[in-house]
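What follows is calculated from the coordinates using simple rules that are stated; it is not laboratory data. This one's a predicted model, so the numbers in the text were calculated from it and none came from an experiment. A quick note on method: Cβ atoms are made from the backbone with ideal geometry, for glycine too, and the neighbour counts reach across all protein chains shown.
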Ligand SMILES: Cc1cc2nc3c(=O)[nH]c(=O)nc-3n(C[C@H](O)[C@H](O)[C@H](O)COP(=O)(O)O)c2cc1C
């Protein structure tokens, strides 16, 4: 391939990017409790990676109730907004673009992280997963089934967080409706047994996402600055399952998103081998490209070659890279030079501090 599709600029009505390499959202646990505010180390980390066409930040809590991990940033206090202003300023100074990922973990939390309160969820069903608390890993508990008032509060929290994102200088925001967290818990039949307008039918289980998008728009935020992330074939993580309605549910969501004029839709290929899982869709980009009219980001286990190919094949517009971005801050320059990639150290993904965070070197001869 003479010209690499990944390295060509991308222009749509909503996005103007210098290349098609996206940094996937990744929790790195460097924004210390109890403030959950990004600090100067976080500024340096994103600045180092600013040559990506688009950076998507780590999952960022929309409220105090949204918390599920320690040392993860939020965007619901003035101190957090100030911290993010430094991040966006540093990225923009390098000519980069950055979206914040807006997150509510739902039942993937623990009373130890919520001042003793039970986590919020569509239904009182324990995912039987592990969460990392201030005193180490603990088993999740049975969450509280959200009242309609609590659902309205979460919707309002997302709308406020969206306004805060603009105040913090972000180019946009991504709703984290993926990976087994709150929205996904509503979408999935095994975690949502509600009998009101947020449970039962596909339309009802998908409703929260559209309510949140409507509320963000009603708060005065242009939906052209909003993306959404979905992981349709997630199976076996955080209590998520695939059943006969899973793919039809995501088909419904994706088709309906066409009416919302979002900045993009961000999809993940299955994290695990689902070729033997009944009803799972193993080829997400191929399946959803014909259904979605807007900008499509695809993610999960892509390398330079596969990334170039998926764009050349017309199955995605942009490719998000996660783990490769941890240890290759200059991933774009390495792709340009066909340079080897550095391996990341899993032990320091969430470890705190400089080590394994901002100390991965750039190529010496990087342009
Ligand atoms: C350390 C780490 C933290 C992650 N945190 C998030 C997150 O906050 N939000 C999210 O949507 N995905 C998160 N992910 C998933 C990544 O965005 C991505 O989907 C995954 O790493 C697969 O892409 P890759 O094969 O390019 O790494 C995380 C992944 C890793 C490795």
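Fewest Cβ neighbours within 10 Å first, please rank 118, 209 accordingly.
Fewest to most other Cβ atoms nearby, the residues stand as 118, 209.
Quantify how much of the Cα-Cα distance distribution of segment 39-146 extends past 22 Å, in percent.
Looking at segment 39-146, the distances longer than 22 Å represent 40 percent of pairs.
Write down, largest first, the equivalent ellipsoid semi-axes of segment 176-235 in whole Å, where each equals the square root of 5 times an eigenvalue of the alpha-carbon gyration tensor.
22, 15, 7
If you take the beta carbon distance between residue 303 and residue 346 as r and set R0 to 22 Å, what does 1/(1 + (r/R0)^6) give as a FRET efficiency, to the nearest 0.05? Present the calculation step by step, with values, prior to reporting the outcome.
Details: r = 18 Å, r/R0 = 0.81.
In this case the efficiency is close to 0.80.
I'd like the per residue volume of the convex hull spanned by the Cα atoms of segment 97-163, given in cubic angstrom.
112 Å³
Within the P(r) computed for segment 150-261, what percentage of the Cα pairs occupies the region above 20 Å?
39 percent
Before rounding to the nearest 500, sum -39500 (n - 2.57) across all DSSP H runs of length at least 4 in the chain and divide by the residue total; then give [θ] at 222 nm in deg cm²/dmol.
Using -39500 (n - 2.57) per qualifying helix, the result is -8500 deg cm²/dmol.
FRET efficiency for residue 204 and residue 333, Cβ-Cβ distance as r, R0 = 56 Å, nearest 0.05?
That pair, residue 204 with residue 333, gives E of 0.75.
Using a basic spin-label model with each label point 7 Å from the Cα along Cα→Cβ, how many nm lie between residue 195 and residue 11?
Result for the modelled spin labels: 5.6 nm.
Mind checking which of 19, 328, 204 has the largest fluctuation in a GNM of the chain, springs on alpha carbons under 10 Å?
Comparing 19, 328, 204 in a Gaussian network model of the chain, the most mobile one is 204.
Which whole-number percentage describes the relative contact order of segment 244-367, with Cα contacts under 8 Å and a sequence gap of 6 or more?
Answer for segment 244-367 is 19 percent.
In what sequence do 174, 79 fall when counting other Cβ within 10 Å, fewest first?
79, 174
For labels at residue 40 and residue 291 in the simple 7 Å Cα→Cβ model, what's the distance in nm?
The two pseudo-label positions are separated by 4.8 nm.
Within a 10 angstrom radius of the beta carbon, how do 84, 103 rank from fewest other beta carbons to most?
Arranged by neighbour count, lowest to highest, 84, 103 become 84, 103.
Taking every Cα atom in the chain, find the radius of gyration and the maximum pairwise distance Dmax, and write them in Å.
19.2, 60
Could you work out the relative contact order of the chain? I mean the mean sequence separation of Cα pairs under 8 Å and 6+ apart, divided by the number of residues, in percent.
Relative CO of the chain lands at 16 percent.
Assuming R0 = 41 Å, what is the FRET efficiency of residue 156 and residue 135, from their Cβ-Cβ distance, to the nearest 0.05?
In this case the efficiency is close to 0.80.
May I ask you to derive the relative contact order of segment 1-64, considering only C-alpha pairs under 8 Å and at least 6 residues apart, and to give it as an integer percent?
34 percent
Quick one, can you get me the convex hull of the C-alpha atoms of segment 211-367 expressed as volume per residue in Å³?
Working: hull volume 25.9 nm³, N = 157.
So the per-residue Cα hull volume is 165 Å³.
Antiparallel versus total DSSP beta bridges in segment 91-176: what percent is that, nearest 5?
Roughly 40 percent of the beta bridges in segment 91-176 run antiparallel, per DSSP.
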